[in-house]
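Right, one structure below, let's go through it.
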Amino acid sequence: MLQFKLVLLGDSSVGKSSIVHRFVKDSFDEFRESTIGAAFLSQSIKLDEDDTVIKFEIWDTAGQERYKSLAPMYYRNANAALVVYDITASDSLSKAQSWVEELKNKVADDKLVICLVGNKLDLCQEDSGKRSVEISDAKQYADEQGLLFFEVSAKTGEKVNDVFKSIGESLYSYKKEELLSKSEQNGTNTHGQVDLQLQKPATSDPTSCCT
Amino acid sequence: MNNNNISNTDNINFRELALTKYGTIQQLIQQGIWRGEFYSKGQLTRNDRGWLWKTIVLHSDLDCGPDNNIKNNNDNNDNNNDSNLLPVPIVTDDNADSPLVGEPTSKNNGNGNNDSSNRTHNNHNDDNNKSNNDKANDTGKKLNRGIRRLTPIQTLSHPLNKNSINEGNNATKNTVVDDESISMSLSDTLDIIDLDLSRLLLDPIFQENKVHAQMRQILYNYMIILQKNEELNTTIKINRNYQQGFHEILGLIYLQLYQTSEDDDRIAMMNILKVYTKLMKQVVPNFYTRSSLISWETEKFQPILEKCSTLLYDKLYIQNDEFSNLIWLLRWTRLLFIRELPMDYVVIIWDHILTFQYPLDIFMVCLIITLLLNIFEDIIDEDEDADNDELIEKLLHYKKTSGVKLIDCVELCKIAGNLCELWSYENYEDMMCICDTFVKVRVGEEKFNRLNEILKDKAARKNANSNVVDPNRKRLEEKLKNRVKRLTINFKR
């Protein structure tokens with residue numbers, strides 16, 4: 001099993017905690033109390049590729065945590081970041097963009113997987129007039145920045161699992177590359193293959209590999 | 001309304017009992033609360049507690065000295081509320097961006113509009129205030145333009161506007177400023193207050209329009225007090241913006257006080273604001289300002305913890321990543337345990353906090369330490385592979401971690417109070433003695449000693465690991481390496 005740290009960032013009430021709860025507990029509450037500081041949950045998924053099991057340690061942060069704030073405490077050592085905005089509130093996207101900037105400036109790890117997620121898709125399906133961020137525009141921004149991108153609904157669950165699966169796949173492919181290049185350096189690689197199960201993943205914490 | 005009126009006669013009994021038994025507020029505080037006499041006959045109702053908080057917080061302010069008589073004060077209870085709460089101004093184009101206090105806001109501000117409506121909240125149409133409400137909604141529509149601003153980063157155009165993307169990088173860099181030093185505007189403040197109140201789940205009553213409007217008005221009034229109050233601005237700069245968590249602390253006070261029987265709404269709201277302001281006077285500067293929260297941790301929490309329990313200190317600050325404790329401490333302190341402990345437990349801790357017998361910053365440290373002692377064996381995990389995040393996870397889910405083994409709340413507060421006193425007398429020996437004894441009683445002496453040994457072993461091994469390369473050996477290694485290098489160079493030649 002590979003273990004990764006994932007952090008959620010984004011403006012207040014865009015639905016960060018709701019996305020986590022949909023993913024971890026497959027449940028949704030119309031009202032959810034404001035997150036104070038951070039919350040912690042974990043969940044594992046199985047990738048199609050090699051039947052790899054990936055465990056996400058999820059740090060869900062408060063929307064009001066912002067610049068020069070305590071936020072670095074949460075995204076430090078993260079392997080992946082979910083930057084969430086609300087597709088019915090365009091200003092929440094500019095907050096998301098600021099988070100992307102901050103992550104790119106402050107996180108040294110160029111293997112950090114960032115996924116831009118527009119939430120509350122269900123509201124726009126009910127009433128298309130509610131949409132205030134066009135999917136094509138957000139997609140274009142994500143492409144320019146090299147981010148994964150999804151529009152989801154924590155309420156209906158639509159695409160929520162896809163987000164985590166896609167992040168998991170990216171992390172897994174980085175991990176394979178890393179191990180491959182390591183074993184090439186060590187000269188132990190004879191057939192261009194790596195036995196992942198025998199290697200400790202270089203996640204945030206060397207002890208976090210659960211075997 | 002539900003369960004509060006059920007035992008109306010009991011309420012009176014409680015109060016009469018309190019009044020006849022204790023002559024002074026000090027006696028009531030010392031015997032009723034600190035000796036736990038109030039809790040011996042089961043739980044206090046909300047009304048009882050509302051009366052208790054009003055009595056100990058508001059009347060100890062009348063500074064009649066230690067022997068002030070409760071009865072006299074109690075008769076006066078609500079007569080000294082001559083002032084009224086300010087109405088919440090209706091947000092208009094003119095005042096939306098202005099700060100809460102200072103610059104003139106608008107003609108609408110303070111003109112007697114008792115605005116109990118909500119600008120953007122569709123759920124809260126106040127029928128009594130129909131005309132105001134319509135006006136507010138119209139303004140809301142005009143203002144919003146689909147751009148919601150909850151954080152002080154100005155967005156003048158749509159974020160995906162071509163130009164703004166191109167300028168995006170520069171623009172964001174320029175606006176990365178300390179959000180604590182910016183004054184949040186009136187409309188931003190009211191927006192986030194509305195948002196937080198709509199998500200306040202302490203009790204279903206907070207979804208009622210009237211309660212929402214009252215909470216909103218009290219918070220608005222508190223924000224004015226906070227921003228105007230210069231006396232707080234002594235040595236440290238404090239964050240005077242509304243912050244998430246303010247609403248929840250107010251919520252718990254509101255629940256005890258909103259319906260204390262003889263009060264009308266206006267007086268009840270005034271009392272709630274007063275109790276809240278008194279409590280927040282210590283909470284905001286210590287815990288809601290980032291720099292002071294960090295110095296509270298390094299200058300108070302860490303040293304006191306080290307004196308109390310070297311084992312816990314070692315686990316949290318030597319073996320653990322030093323920085324990560326702030327993650328759980330932040331919520332524990334900012335919400336004064338609301339999310340960490342069962343509600344009937346939290347309110348008893350608050351009874352003790354509201355007696356203000358000890359400075360809140362130190363009392364919180366000692367309460368937290370006592371709570372940690374209570375889950376000592378979960379923290380000092382014998383599982384070698386447990387990592388930092390697992391420890392933080394346990395502390396972020398204290399209710400689950402502690403389960404049914406929580407000690408009696410009055411005991412908890414007494415121990416914490418003792419520790420506060422000993423700390424102020426610099427009697428570190430007794431602090432450690434209290435904590436070690438507590439743990440021994442909880443987990444048994446044998447286990448305590450074993451845990452002690454394990455931890456010492458761990459520390460020793462850690463030292464051994466870091467000292468593996470002693471200087472002599474390192475020198476020898478270097479020599480060997482150099483020799484090998486030279487040899488290989490020679491060989492290549």
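The values are calculated or read from the model by the stated rules, or taken from the named source; none is laboratory data. If you're wondering where the values come from, they're calculated on a predicted model, not measured in any experiment. Positions of Cβ are backbone-derived with ideal geometry, glycine not excepted, and every protein chain shown enters the neighbour counts. Ligands, DNA and RNA are stripped out before the accessible areas are found, and what is left, the full protein with its side chains, is counted by its heavy atoms. Shrake-Rupley method; radii C 1.70, N 1.55, O 1.52, S 1.80 Å.
Below are the figures for this structure:
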| quantity | calculated |
| --- | --- |
| Sorted peptide list for A:163-176, A:11-24, criterion being average Cβ within 10 angstrom, highest first | A:11-24, A:163-176 |
| Near-label residues of segment B:29-44 by backbone N, under 19 Å of a point 7 Å along Cα→Cβ of B:THR437 | B:35-36 |
| Accessible area per residue, Å², segment B:291-467 with all protein chains present, probe 1.4 Å | 40 |
| Length gained when the stretch B:ARG461-B:GLU445 is fully extended (0.36 nm per residue, less Cα-Cα span) | 3.4 nm |
| Interface area, B with A, accessible, probe 1.4 Å, both sides summed, Å² nearest 100 | 4600 |
| Nitroxide proxy distance, nm - points 7 Å out along Cα→Cβ at B:ASN452 and B:LYS237 | 4.8 |
| Considering only segment A:2-185, percent of DSSP beta bridges that pair antiparallel, nearest 5 | 30 |
| Efficiency of FRET from Cβ geometry, A:MET1 and A:THR156, R₀ 41 Å, rounded to 0.05 | 0.90 |
| Residues with amide H under 5 Å from that of A:TYR85, placed H, sequence gap 5 or more | A:VAL117, A:GLY118, A:ASN119 |
| For segment B:253-319: relative contact order, % (alpha-carbon pairs under 8 angstrom, 6 or more apart) | 16 |
| Solvent-accessible area lost in complex, 10 Å² minimum, residues of segment A:88-117 relative to chain alone, 1.4 Å | A:ALA89, A:SER90, A:ASP91, A:LEU93, A:SER94, A:LYS95, A:GLN97, A:SER98, A:GLU101, A:ASN105 |
| Cα gyration tensor, segment A:18-70 - rounded (a/c under 1.5), prolate or oblate | oblate |
| Global form of chain A, assessed from the alpha-carbon gyration tensor, a/c cut-off 1.5 | prolate |
| In nm, spacing of pseudo-spin labels at A:GLN43 and B:LEU86 (7 Å Cα→C-beta vector) | 4.4 |
| HN-Hα J in Hz across segment A:6-15 - Karplus 6.51, -1.76, 1.60, θ = phi - 60°, x for Gly and Pro | 10, 10, 9, 10, x, 5, 4, 6, 7, x |
| Rounded percent of accessible protein surface that carbon and sulfur make up, segment A:2-185, 1.4 Å probe | 44 |
| Length-normalised contact order for segment A:108-159 - Cα pairs under 8 Å, 6+ apart - percent | 50 |
| Under 24 Å, Cα to Cα: Lys pairs in segment B:208-358, sequence gap 8 or more or different chains | 13 |
| Built amide H within the under 5 Å cut-off of A:GLN3, gap 5+ | A:LYS55, A:CYS210 |
| Given B:LYS400/B:LYS462; A:LYS104/B:LYS458; A:LYS16/B:LYS458; B:LYS41/B:LYS405, the pairs whose alpha carbons are separated by over 27 Å | B:LYS400/B:LYS462; A:LYS104/B:LYS458; A:LYS16/B:LYS458 |
| Residues whose placed amide H lies under 5 Å from that of A:SER42, excluding near-sequence neighbours | A:ILE58 |
| Packing-based order for B:337-349, B:243-255, using average beta carbon neighbours within 10 Å, highest first | B:243-255, B:337-349 |
| Derived scalar couplings ³J(HN,Hα) [segment B:21-33; Karplus, 6.51 cos²θ - 1.76 cosθ + 1.60; whole Hz; x for Gly, Pro] | 6, 10, x, 10, 5, 4, 5, 4, 5, 5, 8, x, 8 |
| Under the Karplus curve 6.51 cos²θ - 1.76 cosθ + 1.60, θ = phi - 60°, whole-Hz ³J(HN,Hα) for segment B:415-425, x wherever Gly or Pro sits | 4, 4, x, 4, 4, 4, 5, 4, 4, 5, 8 |
| B:GLU299 paired with B:GLN43, simple spin-label distance in nm, labels 7 Å along Cα-to-beta-carbon | 4.0 |
